[in-house]
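Trainee: First the structure, then my questions, so here it is.
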Amino acid sequence: MMPIQQRNSLSRRNFLQSSGAATAAALSAGVWSSRSIAASNSANEKLNIACIGTANRALADIDGVTSESIVALCDVDSRYLGVQSKRFPDAKTYVDYREMLESNKGYVDAVVIGLTDHHHAPATIRAIENQMHVYCEKPLTHTVEEARIVTEAARAAGVATQMGTQIHATDNYRRVVEVIRSGAIGDVNEVHVWVGKGWGAEGLPAGSDTPPEYLDWDLWLGPAPQRPFLDGQYHPAQWRRWWAFGQGTLGDMACHYMDLPFWALGLTSPTRVAAAGPPVDAEACPLGLKVNYDFPAVDGRGPVKLTWYDGNLTPRTVSDIKVPGSGVMFVGSEGKMFADYGGYKLYPEEKYASFTPPPKSIPTSIGHHAEWIRACKSGEPTTCNFDYAGPLTEAVLLGNVAFRSGRPIQWDAKNLRVTGNEQATALLSKEYRAGWEVRALESVG
């Protein structure tokens, strides 16, 4: 595979030059006057929303935007599509989202993407090309390169974006961020993040079955290489176990749990990433993984070492404290904090027995999906827009790049490059089947 920095069609410099010129030209000509985020819709006018994926996690996302007009639905599984078609009888239905996005250019305002990871970027970039606002499930993309491409494309196009890290909108995460920023546990230079899931496997499952009539298997594969359908594997629930479709437990859960230290400590791009786990399998994700990230000092904060654990490598104690199956431990110069989705606790307990939280400074969210809807109509940025979610996703996926390459990586975020590790460089991107490519935009509008 050609290294990322050698492929002109995906060159960051070429992208910025071409998209910047296209942006200026479009604004000058006024062609965005009816599509820009500041003028898409008035506060009272409903958005025309297309939903790609209609079941499981995608169904929860549909439920989050029903205040608007659901005008198009897409799913490769006719069972799921049929259920939602009855629910939204006026919505047009599609099996191929490429057709849906192209045929509804100028009609659909915004797109909700709730597909398998390997479809996130192909769907997102095509929506952006058609000047549609985008809500995309986590992780934002399937590769590091894709994360950079869609982040910069969304910024150039001026569309409203949100990544589906719904827990970010909860009050508890806001209180944790406030406590850490207040200095209650001192300077934080060490963080541990763990999740007791194990989205892994050992090689590819053997055999093949005839795809059922209700499933378009070729479209489900989309950009991924051809492989046989297997009943009970891949679709709908097991696909995260294989590199062709997912990114294992790290890809599934880190955007939720690493989100908290990213937010509280203002993390961006690591400089070094090292990973340990079972022997690397070319096809299957590991059943357990440990990743060490080094983040540089920035804005008065010192460097941060963040350690991720999952699956059968999940710890029972962290920093000498017995912990549950998932959570985050901030280790500060004056104390420690354990946090998860629902609450937080400070250590040593006796020291913080009478602790008074700092005044609330982060406003209560109107709702994760509601933030995006408001952004589509007003231009007010969301809390997990792609400028935030893109770097978070890049950092998350670099853990798997380090693991699969077999040795630590030195990361040059500015140039989207691994220093001195050709195998890791190749893992930043991937090949696509014809018709599913993800390329930096040459023009917008």
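Trainee: Taking ALA276 and the conditions (1) surrounded by fewer than 16 Cβ atoms within 10 Å (Cβ to Cβ); (2) out of contact with any Ser or Thr (no Cβ under 6 Å at 6 or more places or on another chain); (3) outside the structural domain of LEU313 (by TED's automatic domain parsing), which numbered condition does it fall short on, given that it satisfies the others?
Mentor: (3)
Trainee: OK, next. For the range 175-213, give me each residue that is within 24 Å of the chain's Cα centre (by Cα) and either of a type in the set (S, T, N, Q) or assigned to a loop (DSSP other than H, G, I, E, B) (or both).
Mentor: Selection gives GLY196, LYS197, GLY198, TRP199, GLY200, ALA201.
Trainee: I need the full set of residues from the range 130-150 which are β-branched (Val, Ile, Thr) and either in the same structural domain as SER269 (by TED's automatic domain parsing) or within 22 Å of ALA58 (Cβ to Cβ) (or both), in order please.
Mentor: Scanning the range 130-150 gives VAL134, THR141, THR143, VAL150.
Trainee: Then there's this: Just to be sure I understand, how many residues within the range 418-437 are touching a strand residue (DSSP E or B) at 6+ places or on another chain (Cβ under 8 Å) and not hydrophobic (A, V, I, L, M, F, W, C)?
Mentor: 4
Trainee: Condition (residue is surrounded by fewer than 18 Cβ atoms within 10 Å (Cβ to Cβ), of a type in the set (Lys, Arg) and at pLDDT 95 or above) applied to the range 222-237: is it met by at least one residue?
Mentor: Yes; the residues of the range 222-237 include at least one that is surrounded by fewer than 18 Cβ atoms within 10 Å (Cβ to Cβ), of a type in the set (Lys, Arg) and at pLDDT 95 or above.
Trainee: Continuing with this model, one more query. Specify which of the listed residues (GLY196, GLY200, GLY186) is in contact (Cβ under 8 Å) with a residue 60 or more places away in the chain and either hydroxyl-bearing (Ser, Thr, Tyr) or under 24 Å from LYS430 (Cβ atoms) (or both).
Mentor: GLY200
Trainee: Quick check: anything in the range 394-406 at pLDDT 95 or above, farther than 23 Å from GLN131 by Cα and not in a helix (DSSP H, G or I)?
Mentor: yes
Trainee: Mind counting the residues in the range 296-312 that are within 26 Å of SER269 (Cβ to Cβ) and surrounded by fewer than 18 Cβ atoms within 10 Å (Cβ to Cβ)?
Mentor: Count: 10.
Trainee: Of a type in the set (A, V, I, L, M, F, W, C), at pLDDT 95 or above, buried (at least 23 other Cβ atoms within 10 Å of the Cβ) and under 17 Å from the mean Cα position of the chain (by Cα): is that true of ALA160 in this structure?
Mentor: So ALA160 fits the description; yes.
Trainee: Let me ask another. Name the residue, out of PRO212, PRO223, that is outside the structural domain of CYS285 (by TED's automatic domain parsing), in contact (Cβ under 8 Å) with a residue 40 or more places away in the chain, more than 30 Å from GLY335 (Cβ to Cβ) and not aliphatic (A, V, I, L, M).
Mentor: PRO223
The values are calculated or read from the model by the stated rules, or taken from the named source; none is laboratory data. Here the structure is a predicted model, which means the values were calculated and not measured. Glycine also receives a Cβ, built like all others from the backbone with ideal geometry; neighbour counts cover every protein chain displayed.
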